[in-house]
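A quick write-up on the structure given underneath.
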């Protein structure tokens, strides 16, 4: 069983064309690495990742049409997460995400952190936790925390902390991509799909 531990944003959609997934892993078998997935409405997928080892690991879990090993900077200060990436010919990508842990989320996070592993592996628990967090975050109650990816990898997320996204901004080579909106696209990621509302999480990813 392979384990990754770190920060994760499953879905950020800006305007009508650009959907992102952001990973900032503290601990993985490939070492710490950062990755940004970019999806178009046609489901063209580009991976930007800051190490070859990270590229090899994440591309064994999900499929991509293009991959680029490049510079990615990720900083969290208070409730703001700033991300910058060199996307090659497409230029500099910059994002800022403001998030908070509400009083209700503090209770959810406390329970999630102290859930015994034998319970956290239970399929029923993995169905109930997204339903518990959904009214607080505005996320989809049917969000999956375990299942098989589009490349056939058996995976499970263990959430330790989840945060509500208050606002986000993104520019690409100086061009504003538009407002943060509810995600309206569904990309094939096996058991997983994009979620309508943005959220920030700190978690473990288990991959068989």
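The values are calculated or read from the model by the stated rules, or taken from the named source; none is laboratory data. Owing to the predicted nature of the structure, the values given are computational and were not obtained by experimental measurement. Glycine gets a Cβ as well: all are built from the backbone with ideal geometry, and neighbour counts include every protein chain shown.
Look at the stretch 81-93: where a residue is at positive phi and assigned to a loop (DSSP other than H, G, I, E, B) and a partner is at pLDDT 95 or above and surrounded by 15 or more Cβ atoms within 10 Å (Cβ to Cβ), sitting 6+ places away or on another chain with Cβ atoms under 7 Å, you get 91/172.
Residue by residue, here is whether (1) touching a strand residue (DSSP E or B) at 6+ places or on another chain (Cβ under 9 Å); (2) within 19 Å of residue 164 (Cα to Cα); (3) in contact (Cβ under 8 Å) with a residue 40 or more places away in the chain holds:
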position: 109; (1), (2), (3): yes, yes, yes
position: 113; (1), (2), (3): yes, yes, yes
position: 116; (1), (2), (3): no, no, no
position: 121; (1), (2), (3): yes, no, no
position: 126; (1), (2), (3): yes, no, no
position: 134; (1), (2), (3): no, yes, no
position: 142; (1), (2), (3): no, yes, no
position: 147; (1), (2), (3): yes, no, yes
position: 150; (1), (2), (3): yes, no, yes
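Go over the candidates 104, 77, 93 one by one and state the one that is farther than 30 Å from residue 208 by Cβ and touching a helix residue (DSSP H, G or I) at 6+ places or on another chain (Cβ under 6 Å). Outline the logic, then answer.
Numbers: 77 fails: touching a helix residue (DSSP H, G or I) at 6+ places or on another chain (Cβ under 6 Å); 93 fails: touching a helix residue (DSSP H, G or I) at 6+ places or on another chain (Cβ under 6 Å).
That would be 104, the only listed residue that is farther than 30 Å from residue 208 by Cβ and touching a helix residue (DSSP H, G or I) at 6+ places or on another chain (Cβ under 6 Å).
Number of residues in the stretch 45-74 that are in contact with a strand residue (DSSP E or B) (Cβ under 8 Å, 6 or more places away or on another chain) and either modelled with pLDDT under 95 or not in a loop (DSSP other than H, G, I, E, B) (or both): the value is 18. Within the stretch 182-197, the set of residues being surrounded by fewer than 14 Cβ atoms within 10 Å (Cβ to Cβ) and either in contact (Cβ under 8 Å) with a residue 12 or more places away in the chain or touching a helix residue (DSSP H, G or I) at 6+ places or on another chain (Cβ under 8 Å) (or both) comprises 182, 184, 188, 191. Taking the numbered list (1) surrounded by fewer than 16 Cβ atoms within 10 Å (Cβ to Cβ); (2) out of contact with any helix residue (DSSP H, G or I) (no Cβ under 8 Å at 6 or more places or on another chain) in turn, residue 61 passes all entries but (1).
Residue-wise test of (1) loosely packed, with under 13 Cβ neighbours inside 10 Å; (2) closer than 29 Å to residue 176 by Cβ; (3) over 18 Å from the mean Cα position of the chain (by Cα).
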site: 23; (1), (2), (3): no, yes, no
site: 35; (1), (2), (3): no, yes, no
site: 42; (1), (2), (3): yes, yes, yes
site: 107; (1), (2), (3): yes, no, yes
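Is it true that residue 10 is modelled with pLDDT under 95 and either in a strand (DSSP E or B) or under 22 Å from residue 155 (Cα atoms) (or both)? Answer is yes for this residue. If you go through the stretch 141-151 one residue at a time, do you hit one that is within 16 Å of the chain's Cα centre (by Cα) and assigned to a strand (DSSP E or B)? Looking for residues that are within 16 Å of the chain's Cα centre (by Cα) and assigned to a strand (DSSP E or B), one finds at least one in the stretch 141-151, hence yes.
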